[in-house]
Each structure stands twice: as C-alpha cells, then as structure tokens.
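J.: I am attaching a structure below and will ask some questions about it afterwards.
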Amino acid sequence: MRLPTSSNPAGDFWGGMAAMLVALPSAIAFGVTIYAVLGGAHAAHGALAGILGATALGLIAPALGGTNRLITAPCAPAAAVLSAFAIEAIRGGASVDSILLMLTLLGLAAGALQVLFGVLRLGKLIEYMPFPVVSGYLSGVGLIIIGSQVPKLLGVPKSMHFWESLISPLAWRWQGVVVGLVTIVIMVGAPLLTRAVPAAILGLGAGVAAYFGLGLLDPALLVLEGNSLVIGALGGSGGGDSGGGFTDAIVARWQAAANLGLADLAMLAMPALTLAVLLSIDTLKTCVVLDALTRSRHDSNRELIGQGVGNIVSGSIGGIPGAGTMGATLVNISSGAVSRYSGMVEGVLALLAFVLLASAISWIPVAALAGILIVVGVRMIDRNSLHLLKSRSTMLDFTVIAAVITVALTWSLIAASGVGVLLAIALFIREQVGNSVIRRKSLGNQIFSKRVRTQEEMEILTEHGSRAAIVELQGSLFFGTAAQLFQALEPELKSRDYLILDMRRVQTVDVTAVHMLDQIKDMLAERHGFLILSQIPQNLPSGRDIEGYFDQIGLVRPEAPIRIFPTQDEALEWVEDRVLLEAALDVGEETPLDLHEIEIFAGRKETTLSALEQHFEKRSYAKGEHIFARGDTGDELFLIRRGAVRIVLPLNEKQSHHLGTFGRGAFFGEMAFLDGEPRSADAVAFSDTELYVLSRKTFDALAEEHKKIGLKLMEGLASVLASRLRYTNAELRVLES
C-alpha cells in the first residue's frame with residue numbers, strides 16, 4: 001500500500017482533530033444505542049465498540065479508499081440496522097452472546113459485501129439509487145433513532161418503548177430529561193454563536209456540566225456503580241451474561257459460534273445486504289458532495305473496497321461498522337485538511353481519547369448521548385420532501401418516500417429495504433413508460449435516401465413514397481413500452497407496405513418487445529409488406545448483441561418478410577428502388593444511357609446533342625476505383641451512363657462520411673466544374689461504372705462557338721440543382737418538426 005503525501009501536515013492534523021471531536025461523541029452514542037438493547041449493563045461495551053469502530057475505520061478506510069479529506073466513522077444507518085436486528089433477535093428468544101456474535105458477523109458480512117461491490121465495479125450503480133427511495137429510507141432511519149432515544153432521554157425502564165414512555169410521566173427521571181434538553185438546546189443553538197467548536201462537542205459538554213450540576217443537589221448522581229444515568233466503566237465488569245469485561249465479552253461471543261445454525265446465518269443475509277448498500281450509499285453520497293466542494297474526483301469502486309476492509313477490521317476487534325460521514329468531513333475540510341492523512345489522524349486521536357479519557361467517558365450521561373442522537377435523527381428526516389405534495393407530477397415520488405418510511409416504522413428496516421428495491425424498479429418502469437419510444441415518424445415522400453434521383457424518379461417517389469413509414473425509436477423496448485410502441489405503429493400497419501424502424505438510439509430490448517415486433521412483421525406480411533430494421537446497435541449498454549438476440553428469438557429468418565440494413569439511408573434506398581420498379585420505371589444499371597436519355601438533356605434537339613456529344617469523353621471505372629479524391633484539382637462534370645458513384649467525405653485513415661450516391665442518369669462534380677476550386681470530397685465507383693466526362697475548358701470552347709448550346713447546358717444544370725435543393729428543403733422541414 002502506498003501511503004499518501006500531504007502538502008499541509010498542520011492542516012491535516014487540525015482537520016483530523018476537529019473531525020474526531022465531531023465523530024467520537026456520535027460513535028459512542030451509536031454504540032450505546034446498539035448495545036443498550038441487550039441490557040443496561042452492555043451500554044459501556046457499546047461506547048467502547050463505537051470508539052473502536054471510529055479508530056479502525058479512521059485508520060483503514062482513508063489508507064485504502066484514497067478519497068482525500070473523507071472522514072469515515074460509525075453512522076446512523078449502521079446503528080438503526082444493527083439495533084433493529086438485535087431487537088428482533090431478542091424477540092425471537094436468542095441468547096445475548098449469540099446476538100453479540102451475530103452483530104459482529106453482520107458487520108463483517110456488510111464489509112465483505114462492500115469489498116465485493118468494489119471488485120465488481122458496482123460503485124456507480126449504487127449511486128443511481130432513486131432519490132425518493134434513499135430519502136424515505138434515511139428519513140425512516142432518523143425516525144427510528146428518535147423513537148429509540150426518547151425513552152433513554154426520559155430515563156424510563158428498558159422495558160418501556162416510545163409511546164409507552166411518553167404516556168408514563170411518573171416513570172420519567174427528571175434529571176435525565178434536564179440533561180437531555182440542555183444537550184439538545186446547546187447543540188442546536190451552538191452554530192448561531194460559534195463554528196470554531198463542533199456543536200456536538202458543545203452539546204455534550206453542556207450535558208455533562210448539567211449532570212454534575214444536578215449532582216451537587218443529589219449526591220447519588222455522583223456514584224458510578226449501578227448508576228443507569230451514565231455509561232459506566234468501559235473496561236470493568238458488567239459484561240452481562242458472560243460476566244467479564246469487554247475482552248471477555250468478545251471471547252464469549254466467538255465461543256457462541258458453536259451454537260449457531262444455518263437458520264441463524266440465513267437471518268444475516270438480508271440485513272447484511274441492507275447494511276452494505278446503506279453504508280455504500282452514505283459514503284458515496286458524501287464523496288459526491290466532497291467532489292463538488294473541492295473540485296476533485298473520487299474513485300467509487302476503490303472507496304468501496306477501502307470502506308469494506310475498514311468495516312471488516314472494525315468488526316474483527318469488536319467495533320461497529322460505519323461510512324463516510326457528512327458532518328465530520330465538512331468540519332475536516334473547513335479546518336484545513338488536504339489529504340487522506342486527516343482521516344488517519346482522526347482514527348489515531350479517537351484511540352488516544354479512549355486511552356487517556358476512559359474514566360471521563362464513563363461519566364458521560366446517557367441522556368446527553370440521547371439528545372445528540374435525537375438532533376442527528378431530526379436532521380436525517382427529509383422535510384423538503386413535503387414539497388413533492390404540491391404537484392401531481394411528483395405525487396408518486398412522495399408516495400414512495402412515505403411507503404418506505406411506513407414500512408421501516410411499522411415492520412422493520414430490513415423489510416423497508418426490500419420495499420425500497422421494489423419501488424426503485426417501479427420508478428424505473430414508470431420513467432421508461434412515461435417517455436415516448438418514438439423519436440420521430442416520417443413518410444417515404446417526406447425524407448429520401450442519399451441516392452440522387454432523376455426528376456422523373458423523384459416525382460414518382462413523391463407520389464408513391466407514402467407507402468413507406470420511417471420511425472426512429474429511442475430508449476428501452478421492453479414489456480413496459482411494448483404496448484405503447486404497438487399503439488403508435490398501428491395506424492401505419494393498416495396503410496403502409498414498408499415500415500422502417502431505425503434502432504440506433506435503442507438502449508434495451510427484451511423478449512416481450514421482440515414478440516411484438518414479430519406480430520408487426522406478420523401483420524405487414526398479410527399485406528405483402530416488409531418490416532425493415534436499420535442501424536441496429538452492435539452492442540447494447542448491457543453488452544447484449546441485439547442482432548444475435550433477434551436471431552435466437554426467431555425474429556429474423558431467411559423466408560420472413562423482414563430486412564436488416566446497416567443504416568437508415570440504405571434501408572430507404574432499398575424501399576425507393578422497389579417503389580420505382582413497381583411503378584414500371586427502369587432503375588437497372590445494365591444498359592448504358594445515351595446522351596439524350598440523361599435528364600439534363602431531355603427534350604434537346606438531335607442536332608444539338610450530336611454536336612455536344614462530340615465534346616464528351618467516355619470513361620469506365622471498376623467497382624471501388626477512385627474517380628477523384630478530396631483536394632484534387634479538376635474541372636470535369638461527370639454524367640453517369642451506367643453504374644453508381646458514391647461521394648464520401650474522408651474523416652481519417654479508416655473512416656469516412658457518406659454524402660450521397662449518384663445513379664444512372666445523374667451527374668456529379670458540378671461544384672468544381674462551376675467554380676474551379678479543388679474537389680471537396682472523394683468520388684468512388686460503387687459498382688462498375690461508365691461515364692460521360694466534360695471538362696470546363698472544353699465546355700468554354702464549345703460555348704464560345706455555340707452560345708445557345710452552352711446556355712442550355714447551364715440551364716439544365718441549374719434546373720436539376722434547384723430541384724434537388726427544393727427536395728432537400730422540404731426534407732429539412734420534416735426533420736425539424
């Protein structure tokens with residue numbers, strides 16, 4: 001492992017210290033929350049587990065994760081999931097030692113899953129979790145934390161839960177209520193007075209001061225032994241059922257492994273996955289904010305591996321898992337930190353705080369920690385989500401948030417995670433279904449191929465081209481959009497003979513969509529029509545070969561009335577040729593044309609053509625042979641007697657852009673013929689080709705001798721070019737609509 005370097009060691013130190021002051025009180029509070037579920041005697045072990053978690057995560061995650069300035073520590077989602085798991089295990093009759101072991105295994109499994117997420121490069125996918133699901137889950141976690149801490153703030157017996165504690169004022173310990181309220185007031189109000197000292201530290205200090213102030217009135221509060229209002233000795237007795245200190249408790253929980261069965265391990269699967277996803281989202285969300293503030297860029301997958309290893313180490317030494325935390329990270333930045341060292345400093349100082357201040361930590365009031373966590377829980381609730389109620393378009397998003405919160409509160413966080421995943425799928429389907437899969441629809445007499453046609457051919461295509469419909473698709477073709485696509489195409493199936501589906505912007509295709517395309521093909525076949533697919537993506541984002549998929553499903557068969565073309569232009573050209581053939585117009589290329597058969601000379605006198613033909617040169621080119629190249633000098637006008645010529649614009653050594661294809665009877669090269677500038681593109685024989693060639697020099701000599709012939713030739717060129725321009729303008733208007 002390569003250690004990071006720091007350009008500002010002092011800033012990293014003070015940033016790490018400030019971050020520790022923010023993270024450590026919360027880590028202790030989270031640990032107490034988890035372990036107190038097992039009995040008041042375990043609260044001290046919970047505080048120690050929080051400290052060890054902050055230490056392990058602070059040292060390991062920054063060293064392996066690599067995100068500068070990020071602070072990793074025990075967090076609220078971990079406390080909520082682990083405490084909920086412990087409560088359910090107690091209700092199921094599990095022993096304390098086995099629950100402690102399963103909590104450890106849960107943290108280890110979550111860390112291992114995070115490492116797996118990183119290795120499989122799923123970091124980016126976790127970032128795509130829909131906001132309503134994350135908002136609902138975090139709000140649910142916040143409410144659960146508040147509900148679990150209110151009884152601790154009130155000092156009621158452990159058997160009392162949230163609602164019962166609220167309606168039993170006689171069971172309240174007024175000293176705890178005072179300490180908790182003082183902590184909350186100072187923590188909330190501190191930022192209004194100063195930001196030099198973290199609000200959590202000021203709140204905790206005020207709570208401790210209030211507790212000892214009350215101790216002057218009631219000396220019983222100053223006795224540590226058996227005092228349920230404070231954490232208690234971190235390394236002393238009170239280890240619960242095992243009877244030893246923290247080390248004995250760690251040993252006892254691993255000894256309980258012999259009593260675990262497959263059913264117990266199966267219980268860990270969903271909570272571990274839930275915890276791993278939550279911790280990953282919490283971390284990556286903080287990283288995204290960190291990137292925005294520092295104009296940096298984190299590596300999601302590397303960070304997940306670092307976080308996972310940190311949680312594995314934390315669980316191995318008895319600490320609780322955690323994630324990259326927003327509050328401590330922001331304090332770290334504002335205190336001058338610049339590198340990963342700041343996170344490691346936070347881990348070292350957390351350990352030193354335990355070693356040097358263990359006895360002082362023992363006197364921290366439970367109500368003060370409860371007050372801190374209540375403030376944390378309130379801040380986790382997404383109150384801005386209420387704005388989603390103002391619009392009908394966002395009502396479903398609010399419903400998702402409310403559903404996740406409701407399941408989290410009434411059933412469990414684990415169940416809420418499953419609901420969240422299902423709702424995420426529902427949100428995706430809603431988004432896909434809501435978007436139109438039709439990008440543009442046009443007819444064959446509105447847009448044309450790049451094959452340059454004669455005026456007679458264009459008139460036929462304008463009259464009969466509406467037999468073809470060209471539909472550009474986009475997005476996902478799956479069971480959620482198949483019906484929408486069929487409804488959009490149904491009118492065309494009743495009146496068109498050719499349906500071209502351009503698929504260049506299609507992202508996904510499933511078997512339902514393929515079945516729907518098969519039905520469309522059969523409906524067209526009943527009218528002797530064709531389904532034509534163009535520009536099928538070679539590989540979808542999922543990696544699937546879509547054309548191969550069509551073959552596997554059976555959509556494409558040799559005898560089926562379906563055709564596939566590399567581009568929409570080639571599909572259009574194929575359709576146009578069929579329309580022209582069915583109109584009894586010869587579009588073949590076998591017989592070379594004479595001069596009078598070429599469009600620009602139609603209707604000219606035979607004597608004029610005879611005089612003109614003497615000035616034309618006849619040339620032949622084999623398929624693939626260059627007629628001219630971009631940059632060549634030349635002033636010839638080329639008229640195609642037989643074959644086809646493709647005009648392409650070279651982009652690099654391997655790629656070129658197809659500008660147009662000129663067939664029998666068409667002309668090309670008119671730009672250099674008219675202005676004398678170098679050629680602007682390449683001309684390549686698309687098939688064996690025969691040409692009439694007229695140079696500008698020869699034409700000028702002819703025009704000087706026969707002015708009327710020269711004028712007629714220029715008029716013919718202008719007429720054809722104007723006609724081409726009119727069709728191009730009409731096509732552009734269709735594409736813009």
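J.: Looking at (1) under 51 Å from the mean Cα position of the chain (by Cα); (2) modelled with pLDDT of 90 or more, find the lone condition where R642 falls short.
T.: Looking at each condition in turn, R642 falls short on (1).
J.: Consider G92 against the criteria (1) free of Cβ contacts under 8 Å to residues at least 40 places away in the same chain; (2) in contact with a Cys (Cβ under 8 Å, 6 or more places away or on another chain): it satisfies all of them except one. Which criterion is unmet?
T.: (2)
J.: Determine whether the stretch 349-365 contains at least one residue that is at pLDDT below 85 and either polar (S, T, N, Q) or closer than 15 Å to T72 by Cβ (or both).
T.: Looking for residues that are at pLDDT below 85 and either polar (S, T, N, Q) or closer than 15 Å to T72 by Cβ (or both), one finds at least one in the stretch 349-365, hence yes.
J.: Sticking with this one: What single numbered condition from (1) within 24 Å of S139 (Cβ to Cβ); (2) touching a helix residue (DSSP H, G or I) at 6+ places or on another chain (Cβ under 9 Å) fails to hold for T410?
T.: It is condition (2) that T410 fails.
J.: Can I ask one more? Take the stretch 294-307 and flag every residue that is over 18 Å from the mean Cα position of the chain (by Cα) and closer than 20 Å to V134 by Cβ.
T.: Correct list: Q307 only.
J.: Moving on. For the stretch 504-530, give me the residue count where each residue is part of a helix (DSSP H, G or I), of a type in the set (V, I, T) and surrounded by fewer than 17 Cβ atoms within 10 Å (Cβ to Cβ).
T.: Within the stretch 504-530, residues that are part of a helix (DSSP H, G or I), of a type in the set (V, I, T) and surrounded by fewer than 17 Cβ atoms within 10 Å (Cβ to Cβ) number 2.
J.: Inspect the stretch 382-392 for any residue being small (G, A, S) and farther than 26 Å from R69 by Cα and give the result as yes or no.
T.: Yes: the stretch 382-392 contains one or more residues that are small (G, A, S) and farther than 26 Å from R69 by Cα.
J.: For L70, are the conditions met, namely being surrounded by fewer than 24 Cβ atoms within 10 Å (Cβ to Cβ) and at pLDDT 90 or above?
T.: no
J.: What's the total number of residues in the stretch 94-113 that are small (G, A, S) and under 18 Å from I305 (Cα atoms)?
T.: 5
J.: With surrounded by 24 or more Cβ atoms within 10 Å (Cβ to Cβ), farther than 22 Å from R302 by Cβ and at pLDDT below 90 as the only criterion, which of A89, A44 stands out?
T.: Just one listed residue meets the conditions, A44.
J.: Among the residues of the stretch 565-609 satisfying the criterion of being hydroxyl-bearing (S, T, Y) and at pLDDT below 80, which is surrounded by the fewest Cβ atoms within 10 Å (Cβ to Cβ)?
T.: T607
J.: Do we find that D510 is in contact with a Phe, Trp or Tyr (Cβ under 9 Å, 6 or more places away or on another chain) and among the acidic types (D, E) in this structure?
T.: In short, yes.
J.: Return the pairs, sorted by first residue and then second, in which the second residue is surrounded by fewer than 14 Cβ atoms within 10 Å (Cβ to Cβ) and not charged (D, E, K, R), the first residue lies in the stretch 518-529 and is in the same structural domain as F478 (by TED's automatic domain parsing), the beta carbons are less than 8 Å apart, and the residues are 6+ apart or on different chains.
T.: As it stands, the answer is D518/G554, since those pairs meet every condition given.
J.: Here's another thing I want to ask about it. Among the listed residues L501, L485, identify the single one that is buried (at least 20 other Cβ atoms within 10 Å of the Cβ) and part of a helix (DSSP H, G or I).
T.: Only one candidate passes the filter, namely L485.
J.: Quick check on L290: is it free of Cβ contacts under 8 Å to residues at least 60 places away in the same chain and more than 30 Å from T399 (Cβ to Cβ)?
T.: No; evaluated as a whole, the condition is false for this residue.
J.: What pairs can you find where one residue is in the stretch 383-410 and within 11 Å of P132 (Cα to Cα), the other is surrounded by fewer than 14 Cβ atoms within 10 Å (Cβ to Cβ) and modelled with pLDDT under 80, and their Cβ atoms are less than 6 Å apart, with a gap of 6+ or different chains?
T.: Here the result reads F398/L389, each pair linking the stretch 383-410 to a residue that is surrounded by fewer than 14 Cβ atoms within 10 Å (Cβ to Cβ) and modelled with pLDDT under 80.
J.: Regarding the stretch 376-395, can at least one residue be identified that is under 30 Å from G226 (Cβ atoms), of a type outside the set (F, W, Y) and either at pLDDT 80 or above or under 29 Å from the mean Cα position of the chain (by Cα) (or both)?
T.: yes
J.: Take E704 and decide whether it is without any contact (Cβ under 8 Å) to a residue 40 or more places away in the chain, within 25 Å of I460 (Cα to Cα), assigned to a helix (DSSP H, G or I) and out of contact with any Lys or Arg (no Cβ under 9 Å at 6 or more places or on another chain).
T.: Answer is no for this residue.
J.: While we're looking at this one, here's another question. Quick one: E431 ticks every box in (1) modelled with pLDDT under 75; (2) charged (D, E, K, R); (3) closer than 26 Å to H298 by Cα bar one, so which box is it?
T.: With respect to (1) modelled with pLDDT under 75; (2) charged (D, E, K, R); (3) closer than 26 Å to H298 by Cα, E431 is out only on (3).
J.: What are the residues in the stretch 131-176 that are closer than 24 Å to D218 by Cα and either outside the structural domain of V32 (by TED's automatic domain parsing) or not in a helix (DSSP H, G or I) (or both), if any?
T.: The answer is G155, V156, P157, K158, S168, W172, R173.
J.: Let me ask something additional. Here is a list: I333, I372, I401, I405. Which entry is outside any loop (DSSP other than H, G, I, E, B), under 27 Å from L290 (Cα atoms) and not assigned by TED's automatic domain parsing to the domain that holds A29?
T.: Residue meeting the stated conditions: I401.
J.: As an exercise: evaluate A263 against (1) modelled with pLDDT under 75; (2) within 24 Å of R69 (Cα to Cα) and give the number of the one condition it does not meet.
T.: Answer for A263: the failing condition is (2).
J.: So, L101, is that one surrounded by fewer than 24 Cβ atoms within 10 Å (Cβ to Cβ), in contact (Cβ under 8 Å) with a residue 60 or more places away in the chain, farther than 30 Å from V288 by Cα and of a type outside the set (V, I, T) or not?
T.: Yes, satisfied.
J.: Among L649, L637, which is part of a strand (DSSP E or B), assigned by TED's automatic domain parsing to the domain that holds F699 and surrounded by 22 or more Cβ atoms within 10 Å (Cβ to Cβ)?
T.: Just one listed residue meets the conditions, L637.
J.: Given (1) assigned to a helix (DSSP H, G or I); (2) among the small types (G, A, S); (3) closer than 30 Å to L659 by Cα; (4) in contact (Cβ under 8 Å) with a residue 40 or more places away in the chain, where does S466 come up short, assuming only one miss?
T.: (4)
J.: On the basis of being farther than 21 Å from G631 by Cβ, part of a helix (DSSP H, G or I) and either modelled with pLDDT under 80 or among the hydrophobic types (A, V, I, L, M, F, W, C) (or both), does M714 make the cut?
T.: So M714 fits the description; yes.
The values are calculated or read from the model by the stated rules, or taken from the named source; none is laboratory data. Since we're looking at a predicted model, the values are computed, not measured. Glycine also receives a Cβ, built like all others from the backbone with ideal geometry; neighbour counts cover every protein chain displayed.
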